[in-house]
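See structure below.
The values are calculated or read from the model by the stated rules, or taken from the named source; none is laboratory data. These figures come from a predicted structure and were not determined experimentally. Note that we place each Cβ from the backbone using ideal geometry, even for glycine, and neighbour counts take in every protein chain shown. Surface areas here come from the heavy atoms of the whole protein model, side chains and all, with no ligands, DNA or RNA. Shrake-Rupley method; radii C 1.70, N 1.55, O 1.52, S 1.80 Å.
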Amino acid sequence: MTLVAILAVAGAPWWEIGRYASYALIGVMIPGTLVYRSLRRTPLTLVEDLAMGAAVGLVLELAAWAVFSVLDLRGWVRLWPFLVMLVYAALPALRRHWWVREYPQRAPLAWSWTVAGVVSFWSLYLSSVFLQRNPAIPTSEGTRQYLDLAYQLSLAGEAKNHLPLHLPQVAGEPLYYHWFAYAHMAMSSMVGGVDLTSVSLRYAIPALCALAIVLTATVGWRVSKRPAVGAVAAILFFTIGEFNFTDPVTMPFGTQATFVIWHGMSMIYSWVLLIALIGAIGLVLLEDKPGVRAYVLAGLLVAGSSGAKASSLPVVLGALGIAGLALLIAYRRIPWRIVILGAVALAGQFFATAVLYQFQTYKTGFALFGQLEPYWLPLANHPRGPLTQALISVGVFGAFLLNMELRQAGIIPLLWRQKLRLEPIQWVLLGGGLAGVLFYLTIHQLSGGEQYFARSGFTFGVILSGWGFVQVLDRAKLGRRGRLLLGLGAAVFALATVLIQLAYAKPFVPHLPRYRPVLPILEWAGALLAVGVVVAAAWLLLRRRVPALRGRGGVVLLTAVLVAGAPGLVMDMAKSERTPNGGAYYNIDLPRSRVLAARYVRDHSGPDDVLATNVHCVGTLPNGKCDPRSFWLSAYAERRVLVEGWTFAPRIGGDNRIPFWDQALLTRNDDAIAAPTPEKLAALRHDYGVRWIVVDDQGGTAYSVDLGKYADLRYTNSRIKVYELR
């Protein structure tokens, strides 16, 4: 109910919320749950069936979208969930999956309230940084919006109308990209009957986040056989942010984990499928005789992950590779279940690389410590001695671990206590966490893309970290009162650190020396360490007089370490609250007039119509050149544009300094708008399928009023004119 209330406050109509919820239930969860129940052998709880079923439903939805698109039957795509239901109702062998009367376990009350609390907190966070900052439809000419939101909407519009997908901003340019999340958005609109803009900017991201939280809690429970492990993992994943001490909060080693969720939903979408895949791997490794169905389930989720995010399957392969090697060394026999899972994941990765990405690398290359090196490199005119350089390098590496990996500290006591004698599923979880970090430290991509490997590794690491915390908690043998005091102490510590950061966190000043951005992390860690030393000394003195303290110091210390990143999300919210229009990230102007004109084109054009425009730039670069990241027309019109912006074309890889590769085409586009003749416009219509021309008289390249002589003016407002070619 918290999530529904937040959506209503953000301006979502009740009837539209109901439509989207109905689609999530009927179009995703029910068919997915039926298929999941027929593939998993041992039930656990109803909530696991529904959560894993929703993840499977996302994969089935992709298959339905592809089939109906290839057959050009998009108008009939609403039937696909009912076809699945019909099969499960008609066949006696499958009919039993409609209703499971008895589950071996019930969700503990504490687990349920914890998960509900995490969902509520996370929804409030999204409301602050995303929903309240980005109206579905701009409210004025001064509205600002984060740059990438229009781009993700344009991809969803492309998926709604075409297969294979092209880059909507450059008609005819193939899209070699992880686009499965945007096909999900398209299906939510086509099947659910919900406006695509609302799906993108209101419903999909909060819904997927809630699903990811529940999945983390249920998969953690399934693989560890401990409900508490899943609950702690959900807390670590979705309430603890990056460890930092700056205001506004800065991200020296990437972007705030939460930020990468809403600015482009491929991250959260991939997390849902990746967490579910961990659950499927757990079914294979934990069952005495998993059977073929368990591998089929894993294969389905691998297929969905292949195009969800390019960072997903490499981390899965790394996890399985590390686990397989460790088990081979430990038992001196081939771990065939790991090998088979690895082969399935490798097939999925090959499909992604060869078919979806067409071997496009997006300028990915090998660079050992490439993301850390800029912080420890000396200036050319300020040489350092070897000892100073070593200290700075160690400090930067330590800051990285504190900033990005602190929430996974629970892994350390688990490894220590079990002396590296881990269960197969624990090796997989450890391997995934390590693989994410290793990829981050050895791969370089434009715009910090390597961070997504580390964030894919989070899905593995937080579960194992939660597992380690629960082991330490068990060893402390706390009673109900003791656990309550520990929880209250953690809450007080988190609140204190939040208040301290709100009052005293340092402003970020990106000046030389290069290592300066990491200093607040180290200084804050040093301050907390000093406090910890004092508390530890007092603890050692007091435990002689208070026997209840004996053997409990470890769990108190680990709790404090895991909670130390709690201010990250609150600081992110505070930053957004201080920037009321558009949030606190890289925002651009999105005038209401532009969006209304684009939506007019959407409502009056055909899916195959191509648009032309005189707007290509969102501003100018320091060198005075065009910054070609304009996506608003293709986004809100849900149509391809002959040439709009081109920065995100695969052949460019996100570098906005690179000029358009076909200058002749760009010149032809702009010349037809600036100096129109019947011949030029007819050529655009004949050669490229252009039917509509959208011009902005307050931005963009020059245009001529003579367009009205050769094309029909269909729409006009304060700054935009829309012409239809005759």
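When peptides 71-83, 427-439, 341-353 are sorted by average Cβ neighbour count within 10 Å, with the highest value leading, the order is 427-439, 341-353, 71-83. By the Cβ rule of 4.7 Å, the chain holds the following cysteines without a possible disulfide partner: Cys209. Taking the Cα centre of region 1-99 as origin, work out the dipole magnitude from +1 charges on Lys and Arg Cβ and -1 charges on Asp and Glu Cβ, in debye rounded to 20. For this selection, approximately 300 debye.
Run the reach check for Lys575 against lysines, Cα to Cα strictly under 20 Å, same-chain hits fewer than 8 apart removed. What comes back? Qualifying lysines at Cα under 20 Å: Lys506. Volume of the convex hull of region 230-293 (Cα atoms only), normalised per residue: 118 Å³. 3J(HN,Hα) along region 109-123, derived from phi through the Karplus expression 6.51 cos²θ - 1.76 cosθ + 1.60 where θ = phi - 60°, amounts to 4, 4, 4, 4, 5, 5, 5, 4, x, 5, 4, 5, 4, 5, 5 Hz, with x in place of Gly and Pro. Computed packing ranks the peptides 275-281, 242-248 as 275-281, 242-248, most packed first, by mean other Cβ atoms within 10 Å. Sort out for me the Cα centre separation of region 555-605 from region 290-311, rounded to whole Å. So the two Cα centres are separated by 31 Å.
Normalised by residue number, the volume inside the convex hull of the Cα atoms of region 295-359 is 69 Å³ per residue. For Lys160, the lysines whose Cα comes closer than 22 Å to its Cα, not counting residues fewer than 8 places off in the same chain, are Lys309.
Tally the DSSP beta bridges in the chain and give the antiparallel ones as a percent, rounded to 5. For the chain, the DSSP antiparallel bridge percentage is about 70.
Pairing the Cα long axis of helix 180-192 with the longest principal axis of the chain, what angle in degrees results, from 0 to 90 and rounded to the nearest 10? Once rounded, the angle reads 70 degrees. Positive end of the dipole of the chain (Cβ unit charges, origin at the Cα centre): among His382, Ile6, Gly291, the Cα lying farthest that way belongs to Gly291.
Annotation: amide H-H contacts under 5 Å for Val690 (H modelled 1.01 Å from N, sequence separation of 5 or more, or interchain): Arg685. Separation of region 31-94 from region 474-528 is 44 Å, based on Cα centroids.
For region 138-230, the percent of C-alpha pairs falling in each 10 Å distance bin, counted from 0 to the bin holding the largest distance, reads 15, 34, 27, 17, 6, 1. Mean residue ellipticity at 222 nm, helices only, the chain: -18500 deg cm²/dmol; runs of at least 4 DSSP H residues each add -39,500 (n - 2.57), and the sum is divided by the number of residues.
Converting phi to 3J(HN,Hα) with the Karplus coefficients 6.51, -1.76 and 1.60 and the offset θ = phi - 60°, region 398-406 yields x, 4, 4, 4, 5, 5, 9, 10, 5 Hz in sequence order, with x at every glycine or proline.
When the alpha carbon gyration tensor of the chain is reduced to an equivalent ellipsoid, the three semi-axes, largest first, read 44, 32, 24 Å.
Each of Ala476, Val498, Asn403 was scored by the projection of its Cα onto the charge dipole of region 350-504, and the greatest displacement toward the positive side belongs to Ala476; charges sit on the C-beta of Lys, Arg, Asp and Glu. Relative to the longest principal axis of the Cα atoms of the chain, helix 147-161 runs at roughly 70 degrees. Here the Karplus relation 6.51 cos²θ - 1.76 cosθ + 1.60, evaluated at θ = phi - 60°, turns the backbone of region 7-19 into coupling constants of 5, 5, 5, 6, x, 6, x, 4, 5, 6, 4, x, 5 Hz, with x for every Gly and Pro. Compared with the dominant principal axis of the Cα atoms in the chain, helix 519-542 is inclined by about 20°. Distance distribution note for region 647-726: the fraction of Cα pairs above 21 angstrom is 35%. Solvent-accessible surface of protein heavy atoms, probed at 1.4 angstrom with all chains present, puts Asp572, Asp662 in the order Asp662, Asp572, largest first. A cut-off of 5 Å between modelled amide H atoms, ignoring neighbours fewer than 5 places along the same chain, links Ala367 with Ile443, His444.
For the chain, which whole-number percentage of the solvent-accessible area (1.4 Å probe, protein heavy atoms only) is attributable to carbon and sulfur atoms? Reported share for carbon and sulfur atoms: 66 percent. The lysines within cross-link reach of Lys680, meaning a Cα-to-Cα straight distance under 26 Å and a gap of 8 or more places when in the same chain, are Lys709, Lys721.
With N counted as the residues of region 478-619, its alpha-carbon radius of gyration over 2.2 N^0.38 Å works out to 1.77. Averaged over residues, the count of other Cβ atoms within 10 Å places the peptides 91-100, 56-65 in the sequence 56-65, 91-100, highest first. Summing Cβ point charges (Lys, Arg +1; Asp, Glu -1) relative to the Cα centre of region 65-200 gives a dipole of roughly 600 debye. For the chain, the per residue solvent-accessible surface stands at 41 Å², with DNA, RNA and ligands left out and a 1.4 Å probe. Quarter the surface of the alpha carbon convex hull of region 1-44 and you get the mean projected area, 3.9 square nanometres. Determine how large the accessible area of Lys289 is when every protein chain is in place; take a 1.4 Å probe and give Å² rounded to the nearest 10. The accessible area comes out at roughly 150 Å². Taking Cα centre as origin and charging only the Cβ of basic (Lys, Arg, +1) and acidic (Asp, Glu, -1) residues, the dipole magnitude of region 640-712 rounds to 220 debye.
In angstrom, the C-alpha Rg and Dmax of region 318-419 are 20.1, 57.
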